[in-house]
1. Right, SER104: modelled with pLDDT under 95 and small (Gly, Ala, Ser) or not?
2. From the residues in region 160-179 that are in a helix (DSSP H, G or I) and either away from ligand 1 (no atom under 12 Å from the Cβ) or without any contact (Cβ under 8 Å) to a residue 40 or more places away in the chain (or both), which one is surrounded by the fewest Cβ atoms within 10 Å (Cβ to Cβ)?
3. I need the full set of residues from region 36-83 which are more than 7 Å from ligand 1 (Cβ to nearest atom), more than 18 Å from LYS186 (Cβ to Cβ), among the aliphatic types (A, V, I, L, M) and not in a helix (DSSP H, G or I), in order please.
4. Hey, GLU112 hits all of (1) among the acidic types (Asp, Glu); (2) touching a Phe, Trp or Tyr at 6+ places or on another chain (Cβ under 9 Å); (3) in a helix (DSSP H, G or I); (4) touching a residue at least 12 places away in the same chain (Cβ under 8 Å) but one; which does it fall short on?
5. Residues ILE121, ILE134: which one is at pLDDT 95 or above and assigned to a helix (DSSP H, G or I)?
6. Let me confirm something: among TYR83, TYR64, which residue is surrounded by 15 or more Cβ atoms within 10 Å (Cβ to Cβ) and at pLDDT below 95?
7. Are there any pairs with C-beta distances below 7 angstrom linking a residue in region 37-57 that is more than 16 Å from LEU180 (Cβ to Cβ) and of a type in the set (D, E, K, R) to a residue that is within 13 Å of ligand 2 (Cβ to nearest atom) and in a loop (DSSP other than H, G, I, E, B), with the two at least 6 apart or on different chains, and if so which?
Amino acid sequence: MKGRSSSTKMTRTDGSSTGKSKPLRIAVMGAAAVGKTCIVNRFMNDTFIEKHEATVEDFHQKQYKISKNDVQMMEIVDTTGSYQFPAMMRLSMTISHAFILVFSLDDRKSFEEVNRLRQEILEERRNKPTYIVIVANKSDVPESEREVCSITADIIATVEWGCDVYIETTAKHDVNITALFSDITKKHYLRENDQSDSTDSHRTDARGERRKSVPLTFINYKSNANLRKSKANTSCTIS
Ligand SMILES: Nc1nc2c(ncn2[C@@H]2O[C@H](COP(=O)(O)OP(=O)(O)OP(=O)(O)O)[C@@H](O)[C@H]2O)c(=O)[nH]1
Ligand SMILES: [Mg+2]
C-alpha cells in the first residue's frame, strides 16, 4: 500500500470561545478510494485532490460555530480503507460518537463494505449512543458509470439497516459536504445540551436494536424528488 505514515493534522478555526459540550468524535470509514479523504479535505480546507493517496489515519480538529455564542469542538478521524489495521479501526469505533460510512456510487462492492462496517460498529458499541450516516459519494459520476442505484441504497440504508441519515455527496463539486457535517454536529450539540427532541434516533434500544428514522429535512438530498423522477425508468438492483 502506498500509504502515508500515521499522521495528526490539527486545523482550527479562529473562534476564541469554547463549546459547552464535550468534543464530538466523528469517524469517517469506508472502502479504499471511495473519497473519504476528499470529503474531509473539502470540509476542512475547501480543497479537492484528484490523486488517490491511501490514508493510514489522519486526525483533524475544528471548532464548528453552532450560533453566535456557541461552538462545538469536532474531532474527525479519517480512517484507512485498507484492511491492514484492524486494531486502529476498532479503536476508532470504540471512541467515536458518530460514523460517516462512505461508499462510492460507481463501486458496488463499496456499498457492501459499508454494511459490513455498520454491523461491526453496532457490535463494537452495543448500547452506546451511535449515530450513523451513510454517504453515497461521487454523485457527479455519469449514470453510465454507476454501479449502485441511489434510491435503492437510500431505502436499504434507512429502512432495512435503520441508519440515521442517507445522503449523496460529491467532494469534487462540493455538494452536501457542509450539510453532512453540520447535521451531525448540531444534533450532537443539542443532545449534549439536553435540548434534543423526542424524534432523535441515534440511540439503540435495550436489545441493542436501532430505531428506524427519517433523514433530516434541512439536508439538500440533491433534490430527491427530481432524482426519483429521473430514475423512475432506471432499473436498480442491489441484493
Ligand atoms: N469523481 C469524483 N471523484 C472523487 C470524489 N471524491 C473523491 N474522488 C476521487 O477518488 C479517489 C480517492 O479519493 P480519496 O479521498 O483519496 O479516497 P479514500 O476513501 O480516502 O481512500 P483511502 O485513503 O485509500 O481509504 C481520488 O482520485 C479522488 O480524486 C468525488 O466526489 N467525485
Ligand atoms: Mg483516504
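1. Details: modelled with pLDDT under 95: no; small (Gly, Ala, Ser): yes.
Taking the combined requirement at face value, the residue does not satisfy it.
2. GLU160
3. VAL56, VAL77
4. (4)
5. Details: ILE134 fails: assigned to a helix (DSSP H, G or I).
Just one listed residue meets the conditions, ILE121.
6. Values: TYR83 fails: surrounded by 15 or more Cβ atoms within 10 Å (Cβ to Cβ).
Step by step, each of TYR83, TYR64 is checked, and only TYR64 is surrounded by 15 or more Cβ atoms within 10 Å (Cβ to Cβ) and at pLDDT below 95.
7. Cβ pairs passing all conditions: GLU53/LYS2; GLU53/ARG4; GLU57/SER6; GLU57/THR80.
A quick yes/no check of all residues on (1) modelled with pLDDT of 50 or more; (2) in contact with a Lys or Arg (Cβ under 7 Å, 6 or more places away or on another chain):
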position: GLU160; (1), (2): yes, no
position: GLU168; (1), (2): yes, yes
position: ALA171; (1), (2): yes, yes
position: ASN193; (1), (2): yes, yes
position: SER196; (1), (2): no, no
position: THR234; (1), (2): no, no
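The values are calculated or read from the model by the stated rules, or taken from the named source; none is laboratory data. The shown structure was predicted, so the numbers you read here are calculated from the model rather than taken from an experiment. Here the Cβ is made from the backbone with ideal geometry for all residues, glycine too, and neighbour counts use every protein chain on show.
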